[in-house]
Amino acid sequence: MSLDTVKIADGFSHYMPKEYVDLVERGPYGRQVKVSEMGSFKELLEEHPMCAGCAMTLFIRLTMVGLPNPEHTIIIGTAGCGRLALSQANIPFVYGNYGDTNAVASGLKRGLSIRHENQPKDVVVMAGDGGLVDIGFSALMHSWFRKEKFTTIMLDNEVYGNTGGQESGMTTKGMVLKMAPFGKKFEKMDVIGLAKTAGLPYIVRLAPTNPTRIASVIRKAVLIAREIGPTYVQAYTSCNIEYAIPTPKVMDDARAVEKDRYGFMEIISDEAKEYLARVEKENKKTAAAS
Ligand code: SF4
């Protein structure tokens with residue numbers, strides 16, 4: 001995709017659905033929108049079939065605000081709850097088979113870099129904990145150790161929510177779930193530790209409690225992956241169905257989990273820090289000149 005393929009040809013606006021005209025004229029294409037502006041622009045994701053109050057949908061919606069160039073971004077997902085919303089957003093979505101999201105992303109990113117030498121194309125994998133570290137573990141690790149330049153975002157709801165409540169590697173030890181009636185026998189997998197071992201230049205763990213921080217983290221993760229190397233964002237996105245969290249209490253749960261055990265953690269390499277500073281300086285210069 002590019003701005004040229006999004007915009008409406010002269011004289012056709014009148015015939016296009018109002019939603020599409022709104023998206024082109026008041027959407028986030030071609031400009032960096034902010035969380036504080038939400039409600040004043042047409043968002044990339046507005047309707048979805050996920051459960052009411054699901055924290056994952058809030059998080060996905062905020063990631064779309066953080067994308068630096070949505071018109072040049074492709075998202076890759078797989079089976080699981082998140083793809084129900086991702087596949088309805090106004091951004092190209094590739095449905096990877098279970099387990100191969102990061103292999104597909106590696107090939108796609110390399111191909112796009114050859115095809116569009118002068119236009120960065122951002123590739124973002126957004127998938128659940130089961131899809132990434134159980135079934136997709138091998139492709140995830142190889143993409144990191146090979147230093148493939150794209151962002152991986154884990155929607156960590158600590159369960160297979162879409163298939164009725166099986167434990168995943170990211171479920172906490174001892175947790176009893178519908179399909180794990182005796183409680184999980186081993187610890188939550190330390191994927192942050194694996195990301196550190198692989199030497200990723202940007203690693204973040206966060207809960208969906210601070211919208212501005214989410215958008216800022218996603219922007220940084222995508223920009224750093226564009227030039228420096230693979231980036232990883234692990235987001236606690238509770239499953240209110242399988243964890244029986246009443247919808248009005250979803251944000252209370254996010255705040256409690258963040259405080260008790262998830263926290264906010266951001267690791268950035270010196271090289272990535274310098275690169276970001278350069279990019280933001282350039283952006284300011286361009287904005288001042290226009
Ligand atoms: S099953 Fe859980 S994770 Fe999936 S949409 Fe419903 S609340 Fe969200």
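Summary table below
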quantity: Condition met for Thr212 (closer than 17 Å to Met154 by Cα, touching a helix residue (DSSP H, G or I) at 6+ places or on another chain (Cβ under 9 Å) and at pLDDT 95 or above); calculated: no
quantity: Single residue of Thr172, Thr101, Thr151 found to be surrounded by fewer than 18 Cβ atoms within 10 Å (Cβ to Cβ) and under 18 Å from Ala235 (Cα atoms); calculated: Thr172
quantity: Residue identified as crowded, with 21+ Cβ neighbours inside 10 Å, charged (D, E, K, R) and farther than 18 Å from Asp122 by Cβ among Arg205, Arg213; calculated: Arg205
quantity: Flag for Leu112 being open to solvent by less than 10 Å² (accessible area, probe 1.4 Å), without any contact (Cβ under 8 Å) to a residue 40 or more places away in the chain and farther than 22 Å from Thr57 by Cα; calculated: no
quantity: Count of the range 101-130 residues which are in contact with a helix residue (DSSP H, G or I) (Cβ under 7 Å, 6 or more places away or on another chain) and more than 20 Å from Ile218 (Cα to Cα); calculated: 1
quantity: Criterion violated by Met56 - all others in (1) part of a helix (DSSP H, G or I); (2) open to solvent by 10 Å² or more (accessible area, probe 1.4 Å); (3) within 14 Å of the ligand (Cβ to nearest atom) satisfied; calculated: (2)
quantity: Residue match in the range 42-50 (condition: of a type in the set (D, E, K, R), in contact with a strand residue (DSSP E or B) (Cβ under 9 Å, 6 or more places away or on another chain) and either within 15 Å of the ligand (Cβ to nearest atom) or modelled with pLDDT of 95 or more (or both)); calculated: no
quantity: Single residue of Ala85, Ala103 found to be more than 16 Å from the ligand (Cβ to nearest atom) and within 22 Å of Asn162 (Cβ to Cβ); calculated: Ala103
quantity: The range 65-82: number of residues that are away from the ligand (no atom under 16 Å from the Cβ) and farther than 21 Å from Lys149 by Cβ; calculated: 1
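The values are calculated or read from the model by the stated rules, or taken from the named source; none is laboratory data. Predicted model only: the values in this text are computed from it and were never measured. Virtual Cβ from ideal backbone geometry, glycine too; neighbours counted across all protein chains shown. Side chains included, ligands, DNA and RNA excluded: accessible areas come from the protein's heavy atoms. Shrake-Rupley method; radii C 1.70, N 1.55, O 1.52, S 1.80 Å.
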